[in-house]
Each structure stands twice: as C-alpha cells, then as structure tokens.
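Peer 1: My questions will all concern the structure given below.
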Amino acid sequence: MTGTSRTFFALLATICCLATPQLRGGDLLFVEGSKNYYEEGDLGEAFRREFEPRMFAHSTWRQRLYRNFNLGDDETLECYVRPGGSRWLSFRRATPSLTQAILDRYWSLHEFDLKKRLDSSRIKACETELPADIANQIEVLWQTMVPGVLKEPERKTFGSLAPGVIYALKKNGRSIEVGAVAFGAYGTPAYEEFIKIVDDLIALCERPAARALLLQKLPAKIRHLTDRLGDER
C-alpha cells in the first residue's frame, strides 16, 4: 500500500474512531456520510467531476453503491429505471483504480495529466434487468440502512485500519442521502451479510448462467439483513 493509501485510510479510521456514540439500537452498519466522499475542496470536486461520470452512468438511478478495498479496483452498483418503468442493475469495475489516481494527483501533489491517466483505466460494464420483487427489496434495504446513524460509537480499543471504503447512496425525489460503512461494522454479522448480498448482485450482472439460482437465494438474504437493521430506525 502506498503512503497516499495509508494516509487516506488512516484519516477515514480517525473520522470513525473520534465520533461520539449516538446509536438508536439495531445492528450497526452505516454511518451518515458526505456527498463528497469525506473530501472537500478540489479533491471532493475531482471525485464528482472525474469519478462519478465514469462509474455511475444513469440519471434515473434510485440506489447506488461504491466500494474499494485497499485501493484495489473500484466497483460500483447502480439500480435505475428505464423508460417504461422496468428496473435494471448496472455494475462497473475500474482497473486500475480511479480512486488511486485521483488521490495521487490531489494528495501527493504529483504533477501529471489526471484525465489521461483516468482514461487509461479499463472500465468493465455489465447490467441485468431486475424482477420487480428484487428491485423492491433492494429499495427497502437501502431505505433502511442509508444514511445510517449520525455518528459511530466511540471505540475503546484501536485495531487495524479498515479494509477499505464502502458508500451507499439513495435518491428520494430530488434529495440524495449517503451512508458509509462504519469502522466498527467491519467483520460483524451485519457487514458479512451485506458483503454477500453485494457480491450476489455483482454476480447477477456478471454471470447470466447463475441468474436463476441467485434470484432464488437473494430475497431471503435481503429480507434477513433488512430485519436485522430495522430496529435502527
């Protein structure tokens, strides 16, 4: 991991660790996040200007997710509505990481052509139509978990840094709410359930041959996690 990467995740961990407790009950998963990915100024603007158009392509989106583990590949999911009302799930993976390039340019002050480097990243894109029941369950899950608690509970012990960052966004009319996976949630049952659901949604786009089996198992997984988090509201 580069010095820039360590600094980025150290800052994120510090943000989480210094927060005061304000839980409402239920399992902890998300804490309210920033629309600028915890960044302000030029860096936050770079994420909105350079990252989002490449990784989120649909203006009619309803739910979004971005994850990056230790500045490996960027991965995004986007649930959106097509003309006629059908709902679709889009997946994108950027290799090498767009996040790494943006952080290198704005944190380490390296002088290079950012657009050229970002354009050199290979972005894999695939999508699939969602059955109405699955689309509805995803919407309920996002409504339940995003934006999350206002602040993460204070931790009494300090362990290793978070393995990465995950943001979930939802749109309610013209308003957008953002949640970031809380540092204290990593490794918990709720987190592990959520990661399995995300992996299944990605597989739904990437592996058409497994569609029937995934659609059979996803509803129970989504309902269970929604129920687990429901006491938070």
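Peer 1: Among the residues of segment 179-233 satisfying the criterion of being in contact (Cβ under 8 Å) with a residue 60 or more places away in the chain, of a type in the set (D, E, K, R) and not in a helix (DSSP H, G or I), which is surrounded by the most Cβ atoms within 10 Å (Cβ to Cβ)?
Peer 2: So the residue we want is GLU232.
Peer 1: Restricting to segment 129-147, name every residue that is surrounded by fewer than 21 Cβ atoms within 10 Å (Cβ to Cβ) and among the aromatic types (Phe, Trp, Tyr).
Peer 2: Result: no residue meets the conditions.
Peer 1: Anything in segment 27-84 that is part of a strand (DSSP E or B), touching a Ser or Thr at 6+ places or on another chain (Cβ under 8 Å) and of a type in the set (Phe, Trp, Tyr)? List them, or say none.
Peer 2: TYR66, TYR80
Peer 1: May I pose another question? Being touching a residue at least 60 places away in the same chain (Cβ under 8 Å) and not in a loop (DSSP other than H, G, I, E, B) is the filter here; which residues of segment 162-176 pass it?
Peer 2: Within segment 162-176, GLY164, VAL165, ILE166, TYR167, ALA168, LEU169, LYS170, LYS171, ILE176 qualify.
Peer 1: Can you give me the number of residues within segment 35-51 that are modelled with pLDDT under 80 and either β-branched (Val, Ile, Thr) or within 14 Å of the chain's Cα centre (by Cα) (or both)?
Peer 2: 4
Peer 1: Can you pull out every residue in segment 127-143 that is out of contact with any Lys or Arg (no Cβ under 8 Å at 6 or more places or on another chain) and not in a loop (DSSP other than H, G, I, E, B)?
Peer 2: Once the filter is applied, which keeps residues that are out of contact with any Lys or Arg (no Cβ under 8 Å at 6 or more places or on another chain) and not in a loop (DSSP other than H, G, I, E, B), segment 127-143 yields GLU127, ASP133, ILE134, ASN136, ILE138, VAL140, LEU141.
The values are calculated or read from the model by the stated rules, or taken from the named source; none is laboratory data. Every value quoted in this text rests on a predicted model; they were computed, and no experiment measured them. Neighbour counts are summed over all protein chains in view; Cβ atoms, including those assigned to glycine, are modelled from backbone coordinates with ideal geometry.
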